[in-house]
Structures are given as structure tokens and as C-alpha cells.
Amino acid sequence: MNKDNRLQHIVNPPVAEKQPQVLELHGDRRIDDYFWLRDIDNDKAIAYLEAENAYTQSMMQHTEALQTKLYDEMLARIQETDLSVPFRKDDYYYYSRTEEGKAYPIHCRKKGSLDATEEVLLDQNELAQGHEFFSLGVFQISPNHQILAYSTDTSGSEQYTLFFLDLNTFELYSETIPETYFSLTWGNDNQTVFYTKINAANRPYQLFRHTLQTPTTEDVLIYHEPDDTYNLDLGKTRSEAYILMILHSSITTEIHYLDANNPTGDFQIIHPRTTGMEYDVEHHSDYFYIVTNDEATNFKLVKTPVATPNKENWQTVIPHREDVMLSGVSLFANHLVIYERKAGLQTARVQNLSTSKESNITFPEPTYTFYEGNNPEFNTSILRFNYTSLITPLSVFDYDMETDKRELKKETEVLGGYDKSHYKSEWLMATAKDGTQIPISIVYKQGIEKDGKNPLFMTGYGSYGYSYPVMFSSTRLTLLDRGMVYAIAHIRGGEEMGRKWYEDGKFLQKKNTFTDFIACAEYLIGEKWTQSDRLVISGGSAGGLLMGAVINMRPDLFKVVVADVPFVDVVTTILDTSLPLSAMEWEEWGNPNDKVYYDYMKSYSPYDNVEAKDYPDILITAGLNDSRVKYWEPAKWTAKLRELKTDNNILLLKTNMSAGHGGASGRYESLKELAFDYAFILDRLGLGEI
């Protein structure tokens, strides 16, 4: 008898009670034996989660020394006392810093010069004291730099309480506002604040206006969004001229604007919602610049007079192109920055608005990610951006848009003598079953051989048009230095290859996401990068749905699976409009009240398709306070897998009883969670020796 079997005989896994619940729609009858687990007030539900946690701890007890080693190893690569690159706004330089032994950032500024005396604005460590979980939501300085609006969440539920701090006296204003979301914008009078409130399903649906030092009961409701498929967000143009109220579903946008100098005025609409039409708005002088997919699948850029922004006045600036997706634009006083994606890779170009001269921002590596940094100033010729790749640590650049020169301000330090020349990244292509070429970003330590024996960690997402970022991770070196190859499958449902890439991985084509991932795994095996009994896969949230779907379809293809906060009970969740993942998700997955979508979604929903067969080793994580993927989805999935699977492989459920969708808060606790995951992976691969 091997060690694994001995452990399973010593420690019996929890068995969830079966309480059949009949779910019937379209003449189809589903029996959900574990539906009862969704009742958080049921002591048996909490007892089941706790029993699973105890079982997980027992089954992982032999890896505790390995977990400690991995944690220490990863922590040793991090510069614990560090400083972000300061950015300038008016006469102030803002930055954050970390201190060794402290879990959260400290937010600071200096006036006039970087040599000036530091002023600590907010120490998250102090705010987090006494809380098992802490998250900072909004952090917005008033236009005159005298007041800080910030919000906090101490449960992981993403329900934030809003505070106002006087930066002269460092005393809080008397008013606090609960149940707010991530959006907040200041009026230019430094007294008026716009914020969003959430409903019972955590949907931001109301816009309020608050005047400082007045009772919150007198706050004015500006807008109520009744449509459950729409969120309400706020923005402000870099010119500081306009406040934007952004109403959006997954596929449709409606934006209203308000003169920021007249915060008690009325919002005006730019273009009313038209199903399937999306747009973003920037401002420059007398024009709004609008990125839209109106008759432009890959988006185009138009401009329109602020005085008459209606669609009949839209003038094309950058037309639609079949082979290039316009990802967005950024406007400064004299420059237009254009962000695009071509052949799967990000590109950028800068146009001088006076001369129309253009320059390209280029990058040397085969696969990478870059994104705009903090650029609050409108009247500047400097563009700050961040660049990283699988082998290049996060690097902050200042790019002079006049001279086409870039200056590296900081590359994140990796302690322990990291040398990027010891690693190599590549951009590969796998062939999907319909002949489509699927990109794979891959990284490994120099010297490995393609002999089919390498352990390989593959991840993916493939939903919501989210392009999986190709980024450096110092913690990933823990795997690479042990001979593991790391791969990202850029599957359909993301937007790496343009808007159609997204559209071909949603609705009634969602299964392309799963078969693409399987095709990438088969390609890597076929090319001798790895073999099935050395292949680890991981994904979270909708990426957890990906994990559940592919192990139902091809459980033989994978050795180890890590599914973080997985969205796996697709049909039942999206039918329940009291939940965040319901009505808003109809434009991503389809509305199961329509039998066509119901049948299709049921055919891939991981929970509905668990069968009596062998599954890989599986680690599933959950957050009790998760507002996006409720804890009961991973719990129910675990219970059903336990009931039906026919193998002796390990199945663990680890629920964080004081966190939400993002797991533990604080960098040290997050690192411990990652060390746990890595220990599980290495142990199951037989690489767990200390």
C-alpha cells in the first residue's frame, strides 16, 4: 500500500449530507443533492466547510516543512522595505512604500520636491489592526490636495465604508458612508463628492452626491439604474473638466457627463444605450474622443464636439481595421496615445496633436505586457508606463512624447541574484480542433531538455474578453528553478487576438474556450515539453470554470489541478437573479431562461457534469465572504466529486473563513496561501523533498 492510500485510510474525507432539491425548467429535471450548502445560517453548512478544512490540514500536514521552505524562499526574493516610483500632481509627489514585517502599503507624499519632508497620508497597517481581512477601496485626493476620500472593507465582501480625512489636521470628518463600491469622483469645488452604492447583489446601481460636513441623509440620489444587467461606475477626464457617469453591461455602454466646475448641475448624455454598442470617452479642448465598436468589431476612434456630442456629429479619427484591435486611447494637452493589439501582442503609438507626427513605442521580447502608469497631469509631455514579461521584472518607464526617449525609473528588484539571461520565454502556437492557431506564452530555465519529462504548469482564463497578462513573478522562480515549465494558454474568450477572439469564446461558442485549452495541453505534450503525468493546470474564478470543464472532458490529460474560487455551478447560479453572477452575466454566457442557452450551458457546467470516473489530484479554494463566486459553488462541487469520483487521488477543499474572492489580504498571508498551493503541486508531482 502506498503512502497516499495509507493517509486516506487514516484520515477519512468528509461526506456531505444529501438533501435532494428538485430544480426544473424547460421540462428538464435536475436533482441537486447539495443545494442546502448555500444556507450560510445553517450550522451544518459551516460545519461541513470546517470539516473539509480540517481534512485538508491533515492531508497536507506532511508538507508543512515544505510550505515553510517555499514561503521563506519566496519571501527572500522580495525587497520588503521598498518604494514605488513617485508621480507628480500639481505641486505634490505621491507614492507608496512598504516596510519589512508590515503587510500593507503606507501612502505618502512630498510637497515641491522629492527632497522635501515626507507626509504620511494613510498607513493601511494601522487601519488593518484587529481585522483578519483588510482591503482599501477608493483612494482619492481632492483637487486642492487638502482632503482624502478613502474606503475600507474588513470582510472580503467588497462592501466598502467611505471616510473623509482632513490632510491638514489628520482628523476624520464626522460622516461615514457604508455599502459603497469602488467608484468615487470629486467635484472641482473640493466640497462635492460623487459615489456609488450597491444593492443586495453587490451591484453598483445608484449614484449619490454628497457635500462634505453635511448629514449623509441629505445626500442627493442623482441616478438609479433599474436594469439588473448594468453596473454604474464613475470617472473623470484627465483634463479635469468633466465627471463621467458610466452605465455598462457586458456588451453595451451609456455615458453621461457633467461639468466638474458645476457639480450641482445636471448630467448630459453622450449617446443612449444601444444593445451591443460599447464606447469609452476622453476629453480634449472642445471635443470628446470616443473609442467605440459601433460598426467596428475591433473598435475605432471618433471625435465629437462637447457642445453637441450626439452620434450624428461623430467624426472618424482612426477607422476600423480587421487585423488591429484598438484597445484604447489616452489624451494629453499636446499628444494622443493610441493603444492597440496586433497578432496577439500589444503595441502603442504617440501622435503629436499639433503636427500629426507619430512615434511607435516598441518592445524587444517575444511575449510581454505593458500598461499605462500614473499619469494624472494633462499638461505634460511625459507618459509613464509599466512594462514586464515572463523574464523581466516590472519596470516603470517615463517616455518623452516629444523626443521619443524613454527613461527607466525603476525595475523591481529581485533579491538573491536573479539573472534574466538564465531563463527564456517563447511565443508558441497550438492548433485547435477547428484549425485555429492558439497562442501560448511559455517560460523556463535555460538548459531544460524537451524530452517529455519536464513538469509543466499551465494556466488560462478565457472569459469576459480578458487578455491574460504576461507578467513576471518572483514567486514563480520557485517553480522554474525546480525544472518546471510555465505556460499561459491564450484561449478564445479572451481578447488577445482581437474582438472576434472574445466573441468566439462566449455564448453558444463557449466550448471553444475549453477545447482550446485542451489543444494547448496536447500540443505541449506532443512537442515533448511535458507529459500528462507531469502536467499541472490552474485557474481562478471563470478560470476555475475552465478547470472544471476540462477535467470533465479530459481528466486523463492532467495530473494536478488547482481551482481557485471556481465558478462551477453555471446554470443554477445564473438563473438566480439575487446573486451577482446572474442577470449581469446573461450577456456573457447566455440567459438560461431561453432553452437553447439552458441546454448549452448545462452541457458544460462543471457541477452538472461530474461523473463516476477517475479525476486528477485536485485542490479547490473558496472564500466564505466571496460576493462574486459564492462559497457554496466550490463546496458543492467538492461534495459531488467526492461522491462520484472513482480514483484514489487527493481532493481537497480549502475555505478561507474570513476572506472573499481575492483570498487572504496582506502580502505575507497571501504568500503563505501561495506556498500552500505550491506545496500541494510539488507533493503530488513527487517533487516535495525539502
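What follows is calculated from the coordinates using simple rules that are stated; it is not laboratory data. Just so you know, these numbers come straight off a predicted model, no measurement behind them. Counting neighbours? That spans all protein chains shown, and the Cβs are built from the backbone with ideal geometry, glycine included.
With K and R counted +1 and D and E -1, the other residues having a Cβ less than 12 Å from that of residue 179 yield a net charge of 0. Segment 236-271 and segment 504-544 have Cα centres spaced 40 Å apart.
Once each of the trypsin sites (Lys or Arg not before Pro) sitting in a DSSP loop with at most 15 other beta-carbon atoms within 10 Å is removed, the chain keeps 19-356 as its longest stretch. Taking each residue as 0.36 nm, the span from residue 446 to residue 79 lengthens on full extension beyond its C-alpha to C-alpha distance by 129.6 nm. Segment 92-166 and segment 381-408 have their alpha-carbon centroids 26 Å apart. For residue 357, the aspartates and glutamates whose Cα comes closer than 15 Å to its Cα, not counting residues fewer than 8 places off in the same chain, are 400, 402, 404.
3J(HN,Hα) couplings calculated from phi for segment 242-254 with the Karplus curve 6.51 cos²θ - 1.76 cosθ + 1.60 (θ = phi - 60°) are, in sequence order, 9, 9, 10, 9, 10, 9, 8, 9, 5, 10, 9, 10, 9 Hz; Gly and Pro show x. Taking 0.36 nm per residue of sequence separation and removing the Cα-Cα distance, the residue 190/residue 612 pair yields an extension gain of 145.6 nm.
Taking N as the residue count of the chain, its C-alpha radius of gyration divided by 2.2 N^0.38 Å amounts to 0.97. On full extension, the segment bounded by residue 240 and residue 424 gains 61.9 nm, given 0.36 nm per residue less the C-alpha separation. Annotation: the antiparallel percentage among DSSP beta bridges lying fully within the chain is about 85.
Each of residue 21 and residue 200 was given a label point 7 Å from its Cα along the Cα-to-Cβ line. The distance between the two points is 1.6 nm.
Could you tell me which of the pairs 303/506; 102/236; 424/450; 410/445 are separated by over 21 angstrom between their Cα atoms in the structure shown? Going by Cα-Cα distance, 303/506; 102/236; 410/445 fall outside the 21 Å limit.
Kirkwood-type hydrodynamic radius, segment 81-126: 10.8 Å, calculated from all non-identical alpha-carbon pairs. Partner lysines whose Cα lies under 17 Å from the Cα of residue 110, excluding those fewer than 8 positions away in the same chain, are identified as 89. For residue 431, the residues whose modelled amide H falls within less than 5 Å of its own, excluding neighbours fewer than 5 places apart on the same chain, are 438.
Applying a DSSP loop filter and a limit of 14 other Cβ atoms within 10 Å to the chymotrypsin sites (Phe, Trp or Tyr not before Pro) in segment 75-153 leaves nothing. Summing Lys and Arg as +1 and Asp and Glu as -1 over all other residues whose Cβ lies under 10 Å from the Cβ of residue 644 gives a net charge of +2. Here segment 131-277 is assigned +1 on the Cβ of each Lys and Arg and -1 on the Cβ of each Asp and Glu. Its dipole about the Cα centre then comes out at about 320 debye.
Only lysines eight or more places from residue 300 in sequence, or on another chain, were considered; those with a Cα closer than 18 Å are 311, 342, 500.
Taking a sphere under 15 Å around the Cβ of residue 207 and counting the other residues whose Cβ falls inside, with K and R at +1 and D and E at -1, yields a net charge of -3.
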